[in-house]
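Inspection log for the structure reproduced underneath, given as structure tokens.
Readers should treat all values here as calculations from the given coordinates under stated rules, not as data from a laboratory. Quick caveat: nothing in here was measured; it's all calculated off a predicted structure. Note that each Cβ is placed from the backbone with ideal geometry, even for glycine, and that neighbours are counted across all protein chains shown.
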Amino acid sequence: MSYQKLAVATVAALCLQLTACNNNDTAHSHAHDKAHWSYEGETGPSHWGTLSEEYALCGTGEQQSPINITESVTADLPPLEFNYSPIPVVIENNGHTIKMTASGTLKIADDEYQLLQFHTHSPSEAAINGKQADMVIHLVHKNAQDQLAVVAVLLEVGETANPLIQTLWDVMPKTVTEPQQHETQIDINQLLPEDKNYYTFEGSLTTPPCSEGVRWMVLKQPVSISAEQLAQYQSVYPKNVRPLQPLNGRKVSSSN
């Protein structure tokens, strides 16, 4: 009986070890898929493509964003039809940017996209003739086919502060947080310039996993923010941008 008990105990111990190993492998695999990335150092943009198999396109993709817009072809592009209504502030600091959960629709000809969220970068990620704006807001939309459309609103320091930006900055988390909902309402239309002419091109997400097939629209007219508003943001994120990526033969179209 003692031998049988010993054998059972041994088998049980082996099973526990194997289970632990499998769990460790699963955890490691999961951690690998969610590999940490940043905007500098060994986990910065030049290394994104090697941090995880899931991020491979960051290094091998041919239609990556952001880009430097130096030439464009004027085309008969459809207007951007924004349908945004006031919504409560839902804001988070996710360790890479300040992100706001949002809702509303964007219609481009026959394509309708739902607004999912908008977030911030400083300076802007796209450049126009080599010049980046002081900041940018990316309005991220998705259609019924799960295709993404991102509208980039350029922000430049001027004499006029932006009231919506100030509302957000007043509750902006300085450290990483879960989404925080506030009773305050915002009207995202206050982020949009009066002139809705835009550049458009095919690109990618500007953060891992750098997925391609993203429809980009960069509004030409910048929106004014104050120097104080820029400084307030940069005290949290002084530079959270991906470097400019090669065009690789892509064409940029212009609405005028």
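The table for this structure:
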item	result
Average silhouette area of the chain, convex hull of alpha-carbon atoms, in square nanometres	18.7 nm²
Contour minus Cα-Cα distance for residue 143 and residue 73 (0.36 nm per residue)	22.6 nm
For segment 68-131 and segment 165-186, distance of Cα centres in Å	19 Å
Ranked list, fewest to most other Cβ atoms within 10 Å of each Cβ, for 141, 182	182, 141
Ascending count of other beta-carbon atoms within 10 Å, so fewest first, for 171, 140	171, 140
Of 68, 129, 94, the one that fluctuates the most in a GNM where the chain has Cα springs shorter than 10 Å	129
Over segment 145-256, equivalent-ellipsoid semi-axes from the Cα gyration tensor in Å	27, 19, 15
Residue order, fewest to most surrounding Cβ atoms within 10 angstrom, among 74, 120, 206, 43	74, 43, 120, 206
Under 16 Å, Cα to Cα: Lys pairs in the chain, sequence gap 8 or more or different chains	8
Cα gyration tensor shape for segment 196-256, rounded if a/c is under 1.5, else prolate or oblate	oblate
Helix-only CD estimate at 222 nm, as mean residue ellipticity for the chain, using -39500 (n - 2.57) per DSSP H run (n ≥ 4)	-6500 deg cm²/dmol
